[in-house]
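Single-structure report; data block below.
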Amino acid sequence: MSAATVQSCTAFAGHRMIASGSPREVVGAVKAAVEAGESVLVFDDADARPVEFDLRGDLEAVMARLAPPVEEKRGPGRPKLGVTAREVTLLPRHWDWLAGQPGGASVALRKLVEGALREAEGPDRVRKGREAAYRFMTSVAGDLPGYEEATRRLFAGDAAGFEAAVAGWPEGVRRYSTELVSP
């Protein structure tokens, strides 16, 4: 993932957290650590996916590449609504029901999807937090004692057991793992 699209990230040199914040706040520490010969991993704080910095050149050149892409202004005409047209396959009775809804099929489908999103918000957040913690732990903590137990406790939803399993880990790794589990 490109650093230009990330809101917040955290960098680790081995098991040591070296920086956390926006990419502009983190890149200096990352560049210094890499130039010192350290192996550095940077994670997106939203989902613990790896973030890549283009570290070529001096720090000023690196910072210039972090600037977000400029959005082009649109001329007169219909504004871009962000609507995506795709094919949906339904049974005839589903189409009949949708056709009878106020606003038509598109409005009814959008309302149904929005309702489902609201209902699933809590469980989705928990699942995404566990997946992010697992992604990070696999990359950084896989060689630490208690990793397997922490992973089991993580997916079992045992918060106390997870905390106990990561208690002996380096402070930055432990803290970041637990932060990802409960965003």
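Here are some notes:
- For the range 89-101, a tally of residues being surrounded by fewer than 10 Cβ atoms within 10 Å (Cβ to Cβ) and either modelled with pLDDT under 70 or hydrophobic (A, V, I, L, M, F, W, C) (or both) returns 1.
- Check on R125, farther than 25 Å from I18 by Cα and under 18 Å from the mean Cα position of the chain (by Cα): yes
- Residue check for G161: surrounded by 13 or more Cβ atoms within 10 Å (Cβ to Cβ), of a type outside the set (A, V, I, L, M, F, W, C) and closer than 29 Å to A11 by Cβ: yes
- Taking the listed residues R86, R74, R152, the one that is on the phi < 0 side of the Ramachandran plot and either under 22 Å from the mean Cα position of the chain (by Cα) or at pLDDT 90 or above (or both) is R152, with no other qualifying.
- The one condition from (1) farther than 22 Å from F43 by Cβ; (2) in contact with a helix residue (DSSP H, G or I) (Cβ under 7 Å, 6 or more places away or on another chain); (3) among the β-branched types (V, I, T) that V181 does not meet is (1).
The values are calculated or read from the model by the stated rules, or taken from the named source; none is laboratory data. In this text, all values refer to a predicted model and were calculated from it rather than measured experimentally. Note that we place each Cβ from the backbone using ideal geometry, even for glycine, and neighbour counts take in every protein chain shown.
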